[in-house]
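Inspection log for the structure reproduced underneath, given as structure tokens.
The values are calculated or read from the model by the stated rules, or taken from the named source; none is laboratory data. All figures in this text were calculated on a predicted structure; none of them were measured in a lab. All Cβ positions, glycine included, derive from the backbone under ideal geometry; neighbour counts span all protein chains shown.
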Amino acid sequence: MPVDAATVNRVAVITGVGPGLGAALARRFARDGFSLALIARSRHFIDQLAQELPSALPVTADVSKPADIASAIKEMRKELGVIGVLIHNASSAGGNGVIDTTPEQFEQSWRVTALGAFICARETAPDMIEAGAGVMLFTGATSSVRGGGWLAFSSAKFALRGFVQSAARELWPKGIHVAHVLVDGIIASDQTDRAASDKTRTHLTPDEIAETYWYLANQPRSAWTSELDLRPNGEEFFT
């Protein structure tokens, strides 16, 4: 492991943990000795995952609510120690177009994706700044760079990308690697998707995406990535 990565406190906070990418990220970081705080709005899945990963602490919290996150981070720090890695994987999509999207759906997409990223970063940054090392990774999408079918989702992902670029300017000089992972394609959600992907090459598999996040978390400081695009080799490019 690079010397720089070894200085990161080995406690990782992951938001939006479900059976797909969130779980794959948790398993990948746990495999290399990280203690984990798994954040989701429902306890059912994260309780199951925590039974599989003894180093994981399941925490029910709504990332769209600043008070929820502040309380959750305080609990995590008390139980696990100083936080070294944040992975904001949570997002929300609702509505369909200008007419059929309600203001509440539009706002909720923004609150989970963009406001949630800001709150999580704001609550975890002090630990990393004090340590002089840390990693913040944010999950983007095709909708981060071009408007698509989900108006609210795309607007929120655009906002997230802008936040990450601004946060990187501020936090990189303090030793915190902030990066945006643009997932351009469909993430396989089950074995059927994964089997289809082997034939059509149109799905990304969660475990292989997680390897890329692990790679970013371990880059030496002289060659940090600010944004990285991921797509299966059968995916069309931004069309």
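How do the pairs read when you match residues in region 175-189 that are under 18 Å from Leu160 (Cα atoms) and outside any loop (DSSP other than H, G, I, E, B) with residues anywhere that are modelled with pLDDT under 85 and not hydrophobic (A, V, I, L, M, F, W, C), using Cβ under 8 Å and keeping only pairs 6 or more apart or on different chains?
Short answer, once both residue conditions are applied: His180/Ser144; Leu182/Thr142; Leu182/Ser144; Val183/Thr142.
Which condition breaks for Glu52 when tested against (1) of a type in the set (D, E, K, R); (2) closer than 27 Å to Ser144 by Cα; (3) surrounded by fewer than 20 Cβ atoms within 10 Å (Cβ to Cβ)?
(2)
Please pick out the residue among Ala40, Ala26 that is modelled with pLDDT under 95, crowded, with 18+ Cβ neighbours inside 10 Å, of a type in the set (A, V, I, L, M, F, W, C) and closer than 22 Å to Ile209 by Cα.
Ala40
Return the residue satisfying two criteria in turn: it lies in region 87-107 and is polar (S, T, N, Q) and more than 26 Å from Ile209 (Cα to Cα), and of such residues it is nearest to the chain's Cα centre (by Cα).
Per the criteria, the residue is Gln105.
From the residues in region 206-234 that are without any contact (Cβ under 8 Å) to a residue 60 or more places away in the chain and part of a helix (DSSP H, G or I), which one is farthest from Ala133 (Cα to Cα)?
Among them, the one singled out is Glu208.
When you scan region 143-160, how many residues do you find that are surrounded by fewer than 21 Cβ atoms within 10 Å (Cβ to Cβ) and in contact (Cβ under 8 Å) with a residue 60 or more places away in the chain?
Total meeting the criteria: 2.
Out of Ala223, Ala196, Ala188, Ala152, which single residue is over 20 Å from the mean Cα position of the chain (by Cα), modelled with pLDDT under 90 and aliphatic (A, V, I, L, M)?
The unique qualifying residue is Ala196.
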